[in-house]
Amino acid sequence: MVTRILCVAEKPSIAKAVANHLAGGAVTIRHVPQNQFTKNYCFDYNFQPPWGASSVTFTSVLGHIMKHDFPSQYSWSNCNPRDLFDAPIDTFVEERNKTVAKNIEQQARHSDILYIWTDCDREGEHIGAEIRDLAKKVNPRIQVKRAQFNNIERAHVIQAARRPIELDERQAEAVSTRMEIDLRTGAAFSRILTNHLKPMIRDVQELKVISYGSCQFPTLGFVVDRYFRVRNFVPEPFWSIKVMHNKEGIKVNFNWKRVHLFDRMAVTILYERCLQAKTAKVIKTQKRPTSKWRPLPLTTVELQKMGSRFLRMDSQKVMKIAEDLYTKGWISYPRTETDQFDKGMDLKALVQRQTQNNIWGPFAQNLIAGAFQWPKSGRNNDKAHPPIHPVNYTNPSTLSDEESRVYSFVVRRFLACCSSDAVGELTTVEIEYGSEIFSASGLTVIARNYLDVYPYDKWESSQQLPVFATGETFVPTEAKMSEGKTSAPGYLTEPELIALMDANGIGTDATMAEHIAKIKERNYVMTRSQGGGSNNGNQEFIPTTLGVALIEGYENLQFATSLSKPFLRKELEVQMRAICAGTATRRDVVHNSIEQYRDVYNRSERGMDTLKAAVRNYVLGQTNG
Amino acid sequence: MSSSNLASEILSHLQSKGLNPNPTWVTNFLSSQRPSVPLQALKQTAQIRLTHADITTSLQRSSKSVFPADIHNASVRERKVVGPIVVQVLDIEDIGRSKWSQLEALEAEERGETTKGREIIRVVPGEATESDNQAPVQSNGPHKLTLQDAQGTSVYGMEIVNVEGVGMSMNIGSKLVLKDVVVARGVLLLEPRCVVVLGGKIEELHKVWKEKRKETLKLGAQQIPPTSGPR
């Protein structure tokens, strides 16, 4: 008898692509009633034993299917927000997913095996568990498997189809845990803040709710902190000593080892002692090989940072484009923390595919001809996905402008990884002049190597130094004391914000872009081009008065686990990892986390006057009183 | 041991450390100690007491052990003061960092952002948009100190080479011994060759300095002159 297999992907585009790869074209497309997005792709396929010759229906969901919410007696006007920490939670099929859920149930009823093809990450695992639950409800005997894949390239997909694995319950649990905590804390804090603060600002700002999110608040906190650092900044003068010596017709500039000092008297005395010494003495000359390291394999965080820096797109846009490229089979899964390639991967084959390009093709060809080097390994491995890399070749001119930029970047980065470090020679001369040390250096780039394909790094030869011998003395042509001034830092840019979120454990690489988009959407921050100039530069973040009031309000409450700080969220991320590793349970994590947030809630309630004062001060422009 | 023998034992111990207390201080010290205390412990206690005392009342003065009267003369480009001179630290500044950045660091510390487990990273290296005239976050000084001798004369000292034990964690009232120190334009040029750090503290001065530190940095950054300077 033919095995009936139901395959379910996370989104329609993946279902379509995978179905076509497996079926090799012989696909019957069936419409899902009342749903214009989802289709059922039906075909025959010969799986590995024991499944063998099978009749396959390949369909998809549209992300998460279920919705979690409080029962109606816990509606906004009916309860005290604090009750939401312990209220029951109903789980039901979200309205817009009703037809999708029904389709799964119908198909599952007549299937022997449910084969889950959601993306291989925590969210995908959780969606897989939702699909499983729907299927099991109508067909308890259905067998459940999961495909492990990280790109939509044909050979890879066929390989994956042969090796079904089990669903990872722990990862799904970790996601449920986070969802429950986010729901309870989000609702409780949004309600208490809205109830107290919204009426105050009704006249100046129209808002539905003053929304709280456990990632958004600390993210906003970074923006506000930088804003104040810029605004409060006081420039200070500093003094420096500059030495220039003209030798063999070359003007050599020597830099002071102390760079500069913030005391005029001190520098004046040191400067006088230089002049008094008359001659400077060469105490060290060095010529040594130096190199500029090729980049590490590409992670999501790095892609997002580079995107806003070099591709003129914000992180959310970059991720959207990267996902499209992944769905089309051009690049690997773009959500990954891994910056090391598995030794078993055939990277040369991937390089080979890029040889047909007319710009970087020759570079790829050269790698194949012998210049190929195994990429450097970073320290991170999420054990789920390889670093982001090109899977198949496509001519960038056939892509949209934005897709072409992201694809080109991914390819260039990959080829750079597989190339050699740039090599140069660095000459340094150190002199002693009075009691002070000065140095000059000259760089000669000998082999550009990876730089030829990776224009995002800059490394250029500098002026060449004349020959100096150790022990040689000379009277410098010029020695000057100069004055400068410190300048304020810039407002936070997106690459910096992503780096800060990453360093402080806010959000996962996959969700950072969303949190940043959320604080914009909620009117807590605005963006503008750096320095207020033309809009091709980096975007910088400036908080709105409401954004400042919320963070300052919480800062003024002065407790360590403030919502404006990253700790509570960081702890939750750690706990989620623990659930994935099997060292913590959902029950314990929810319990502990909710107790911590309840404590913060109580403090917020007691300190509401402080929060209100911040709103009066920053939003309404009234001084305290 | 007779009390005069005891006094000379204590005195020679202190002198071996470069400290030469006046007879009044020694008498007062001995009268505050119980006779049963062993000599070795007594020597230790005396040294700690003396490094925690104000040297303008505790030390002997001689022409060699205090600064020359014209020490501040800025027209003297360079001279050497032989000493040894014991001085106490009245003020210390890190002149390698801007005052504002030091103030920001203190405030971050007050907010608990440097406490273990509660660190907040505010700047990620390599990500900040370039402004190359920012002071480095880590600094080895140099430090500029206000040093006072037994006569009460205060003089600026500046590290021209790092001296171990001199740094922002130093107590106000710490004692140093200076020997063969070069003085340029009225400023002592400190280097390991000519400085011995004895440590110590003057509790009241230290407390006031700590309390006023943020205020001092703030005013300093805004270049509002302090109400009273050294001398």
message = Tell me the residue from A:A499, A:A503 that is hydrophobic (A, V, I, L, M, F, W, C), open to solvent by 30 Å² or more (accessible area, probe 1.4 Å) and within 14 Å of chain B (Cβ to nearest Cβ), please.
response = A:A503
ask   = For B:G157, which of the numbered conditions (1) small (G, A, S); (2) on the phi > 0 side of the Ramachandran plot; (3) within 14 Å of chain A (Cβ to nearest Cβ) fails to hold?
value = (2)
key: Selection count, the range B:187-205, where residues are in contact with a Ser or Thr (Cβ under 9 Å, 6 or more places away or on another chain) and under 14 Å from B:L145 (Cα atoms)   = 3
inquiry  = Which residue is nearest to A:R312 (Cα to Cα), if the candidates are limited to the range A:540-556 and must be away from chain B (no Cβ under 12 Å) and touching a strand residue (DSSP E or B) at 6+ places or on another chain (Cβ under 8 Å)?
reply    = A:F541
request  = Evaluate the following for A:T511: is it out of contact with any Asp or Glu (no Cβ under 7 Å at 6 or more places or on another chain), surrounded by fewer than 20 Cβ atoms within 10 Å (Cβ to Cβ) and not assigned by TED's automatic domain parsing to the domain that holds A:R603?
outcome  = no
remark   = If we keep only residues of the range A:260-273 that are more than 14 Å from A:P237 (Cβ to Cβ) and not acidic (D, E), then the residue farthest from the other protein chains (Cβ to nearest Cβ) is A:Y271
message = Given the criterion assigned to a strand (DSSP E or B) and over 22 Å from the mean Cα position of the chain (by Cα), identify the matching residue among A:I241, A:I269.
response = A:I241
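Residue-by-condition table, conditions (1) without any contact (Cβ under 8 Å) to a residue 24 or more places away in the chain; (2) more than 24 Å from B:E203 (Cβ to Cβ); (3) assigned by TED's automatic domain parsing to the domain that holds B:V66:
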position: B:I10; (1), (2), (3): no, no, no
position: B:N20; (1), (2), (3): no, no, no
position: B:V26; (1), (2), (3): yes, no, no
position: B:S36; (1), (2), (3): yes, yes, no
position: B:L42; (1), (2), (3): no, no, no
position: B:T45; (1), (2), (3): yes, no, no
message = I'd like to check something: does the range A:471-486 contain any residue that is under 37 Å from the mean Cα position of the chain (by Cα), in contact (Cβ under 8 Å) with a residue 60 or more places away in the chain and under 30 Å from A:E248 (Cα atoms)?
response = no
key: Selection count, the range A:236-255, where residues are within 12 Å of another protein chain (Cβ to nearest Cβ) and surrounded by 15 or more Cβ atoms within 10 Å (Cβ to Cβ)   = 5
ask   = Hey, among the residues in the range A:361-388 that are buried (at least 20 other Cβ atoms within 10 Å of the Cβ) and out of contact with any Gly (no Cβ under 9 Å at 6 or more places or on another chain), which one's nearest to A:C418 (Cα to Cα)?
value = A:P375
query = Of the residues that make up the range A:216-233, is at least one part of a helix (DSSP H, G or I), among the basic types (K, R) and crowded, with 20+ Cβ neighbours inside 10 Å?
reply = yes
task = Tell me which residues, restricted to the range A:409-455, are free of Cβ contacts under 8 Å to residues at least 40 places away in the same chain and in a helix (DSSP H, G or I).
result = none
note = By residue number, the members of the range B:119-140 that are modelled with pLDDT of 70 or more and at the interface with chain A (Cβ under 9 Å from one of its Cβ atoms) are B:E119, B:I120, B:I121, B:R122, B:V123, B:V124
message = Just the residues that are open to solvent by 60 Å² or more (accessible area, probe 1.4 Å) and closer than 25 Å to A:N195 by Cβ, please, taken from the range A:580-620.
response = A:E595, A:Q596, A:D599, A:R603, A:E605, A:R606, A:D609, A:R616, A:Y618
Residue satisfying condition, being more than 14 Å from chain B (Cβ to nearest Cβ) and closer than 25 Å to B:I120 by Cα, within set A:R146, A:R178, A:R141 = A:R178
inquiry  = Out of the residues in the range B:183-226 meeting the condition of being of a type in the set (K, R) and either open to solvent by less than 50 Å² (accessible area, probe 1.4 Å) or on the phi > 0 side of the Ramachandran plot (or both), tell me which one is nearest to the other protein chains (Cβ to nearest Cβ).
reply    = B:R185
ask   = Can you name the number of the only condition in (1) touching a Leu at 6+ places or on another chain (Cβ under 6 Å); (2) free of Cβ contacts under 8 Å to residues at least 40 places away in the same chain; (3) among the aliphatic types (A, V, I, L, M) that A:A188 fails?
value = (2)
note = Within the range A:471-483, residues being open to solvent by less than 40 Å² (accessible area, probe 1.4 Å) and either within 14 Å of chain B (Cβ to nearest Cβ) or in a strand (DSSP E or B) (or both) number 3
ask   = When only residues in the range A:303-338 that are assigned to a helix (DSSP H, G or I) and open to solvent by 50 Å² or more (accessible area, probe 1.4 Å) count, which is nearest to A:N150 (Cα to Cα)?
value = A:K320
key: Condition met for A:L207 (outside any loop (DSSP other than H, G, I, E, B) and either surrounded by fewer than 18 Cβ atoms within 10 Å (Cβ to Cβ) or among the aliphatic types (A, V, I, L, M) (or both))   = no
request  = Could you please let me know if A:Q286 is surrounded by fewer than 16 Cβ atoms within 10 Å (Cβ to Cβ) and assigned to a helix (DSSP H, G or I)?
outcome  = no
Selected residue (criterion: nearest to A:F409 (Cα to Cα)) from residues of the range A:440-470 that are open to solvent by 40 Å² or more (accessible area, probe 1.4 Å) and more than 39 Å from the chain's Cα centre (by Cα) = A:Q464
note = Exception for B:P68 within (1) open to solvent by 10 Å² or more (accessible area, probe 1.4 Å); (2) within 12 Å of chain A (Cβ to nearest Cβ) falls at (2)
ask   = When you scan the range B:34-48, how many residues do you find that are open to solvent by 80 Å² or more (accessible area, probe 1.4 Å) and modelled with pLDDT under 90?
value = 6
ask   = Considering only residues of the range B:157-177 that are within 25 Å of B:S75 (Cα to Cα) and touching an Asp or Glu at 6+ places or on another chain (Cβ under 9 Å), which is most open to solvent (accessible area, probe 1.4 Å)?
value = B:V161
inquiry  = Can you find, within the range A:84-107, the residue that is modelled with the lowest pLDDT among those that are of a type in the set (D, E) and in a helix (DSSP H, G or I)?
reply    = A:E95
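Okay, residues lined up against (1) of a type in the set (S, T, Y); (2) assigned by TED's automatic domain parsing to the domain that holds A:F189; (3) out of contact with any helix residue (DSSP H, G or I) (no Cβ under 6 Å at 6 or more places or on another chain):
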| site | (1), (2), (3) |
| --- | --- |
| A:V61 | no, no, no |
| A:D69 | no, no, yes |
| A:S72 | yes, no, yes |
| A:S75 | yes, no, yes |
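The values are calculated or read from the model by the stated rules, or taken from the named source; none is laboratory data. What you see is a predicted model; the values in this text were computed from it and never measured. Backbone-built Cβ (ideal geometry, glycine too); neighbour counts: all protein chains shown. With ligands, DNA and RNA removed, areas are computed over all heavy atoms of the protein, side chains included. Shrake-Rupley method; radii C 1.70, N 1.55, O 1.52, S 1.80 Å.
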